[in-house]
Structures are given as C-alpha cells and as structure tokens.
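Student: Here it is: the structure, laid out below.
The values are calculated or read from the model by the stated rules, or taken from the named source; none is laboratory data. This one's a predicted model, so the numbers in the text were calculated from it and none came from an experiment. Every residue, glycine as well, gets a Cβ built from its backbone with ideal geometry; the counts of neighbours run over all protein chains shown.
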Amino acid sequence: MESENCGLFATREHLSVFQCPQADWIGGEMVQGILNRVKRYVAVEAVFDEAGAIRPVSVIWDDGRRYEVDEVLDVRRASSLKVGGTGVRYTVRIGGKTTYLFYENPRWFVEAAVRGEFAGR
C-alpha cells in the first residue's frame, strides 16, 4: 500500500489526530479502516515546573509538522496495551481531539494507527 495514513488513536473516545505519508503495515485485522497500530517516537517540546513536573507543549512529527497541545487532561503511570511500552501516559487534547502521548524516559511516543482501504483480507 503506497499512501497509508497513520494517526494517534486509542479508543472511540480518543480519536486520531496526526497523519503521516508512510507507515509500515505489520499485519493485523482491519477494524473500521485501521489495519494496525505502531509505536512511533516523536519529538516533544515540554516545560518543567519548579516541582520538576513535565508538561508537553507541542508534538513535532517526523516530517517537521508541529501540533500544539491545547490541554493536558490527565497524567499517570501506564502501559500502552496497543503498541507496548510503559512510562508516563499523558492524556492530551490537540486540535480539539483527545489522545495519548507517552513519555518513556528519555523518549516520547504515540500509538500511530496505520490506515488503508480494505484489501479483502
């Protein structure tokens, strides 16, 4: 598949935000246009407060697109059950959509959803 899209996706309540021009399809069952999820490391600009707490301010996609974090809704230690990995899970609102951003010291990642047309699998 030449032009698959990938985006942040967690549940029906946490909708996809980002798209990228290329993503590898690892296999899996197609559910509502989503073929699979992949762990995608991203650059994040963050601020540290005086107590040492980290607050992400923007996410920078691998092609240079920047997405401002409108609001941090929740912060907790959690695992990504969709792509693996554990760390601090930030529930954030970006562009009016709610999604997860994970801090797996020292890197940040998202659950990128690989999308495509149904190929009759």
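Student: When the residues of the stretch 81-94 are narrowed to those that are modelled with pLDDT under 95 and of a type in the set (Gly, Ala, Ser), which ends up surrounded by the fewest Cβ atoms within 10 Å (Cβ to Cβ)?
Tutor: The selected residue is Gly84.
Student: Same structure, new question: Give me the pairs: first residue in the stretch 32-50 and assigned to a loop (DSSP other than H, G, I, E, B), second residue at pLDDT below 95 and surrounded by 15 or more Cβ atoms within 10 Å (Cβ to Cβ), beta-carbon distance under 8 Å, and six or more apart or on different chains, which are they?
Tutor: From residues that are assigned to a loop (DSSP other than H, G, I, E, B), the pairs are Gly33/Arg115; Gly33/Gly116.
Student: For the stretch 103-112, does any single residue satisfy the condition of being in contact with a Phe, Trp or Tyr (Cβ under 8 Å, 6 or more places away or on another chain) and at pLDDT below 95? So that I can check it myself, show each step before the final result.
Tutor: Here is the first cut: in the stretch 103-112, the ones in contact with a Phe, Trp or Tyr (Cβ under 8 Å, 6 or more places away or on another chain) are 103, 107-112.
Right, trim to at pLDDT below 95 and you get 111-112.
Scanning the stretch 103-112, I find at least one residue that is in contact with a Phe, Trp or Tyr (Cβ under 8 Å, 6 or more places away or on another chain) and at pLDDT below 95, so the answer is yes.
Student: Sticking with this structure for a sec: Looking at Val42, Val59, Val31, which is the one that is modelled with pLDDT under 50 and out of contact with any Pro (no Cβ under 9 Å at 6 or more places or on another chain)? Before you say what the answer is, go through the steps one by one.
Tutor: Values: Val42 fails: modelled with pLDDT under 50; Val59 fails: modelled with pLDDT under 50.
Going through Val42, Val59, Val31 in turn, the sole match is Val31.
Student: Then there's this: Within the stretch 57-77, track down each residue that is in a strand (DSSP E or B), in contact (Cβ under 8 Å) with a residue 24 or more places away in the chain and over 13 Å from the mean Cα position of the chain (by Cα). Step through it out loud before you land on a result.
Tutor: Step one: list which residues in the stretch 57-77 are in a strand (DSSP E or B), which gives 57-60, 66-68, 71-77.
Adding the requirement that they be in contact (Cβ under 8 Å) with a residue 24 or more places away in the chain leaves 59, 67-68, 73.
If the condition is that a residue be in a strand (DSSP E or B), in contact (Cβ under 8 Å) with a residue 24 or more places away in the chain and over 13 Å from the mean Cα position of the chain (by Cα), then Glu68, Leu73 are the ones that fit.
Student: Which condition from (1) surrounded by fewer than 19 Cβ atoms within 10 Å (Cβ to Cβ); (2) in contact (Cβ under 8 Å) with a residue 24 or more places away in the chain is the one that Ala112 breaks?
Tutor: (1)
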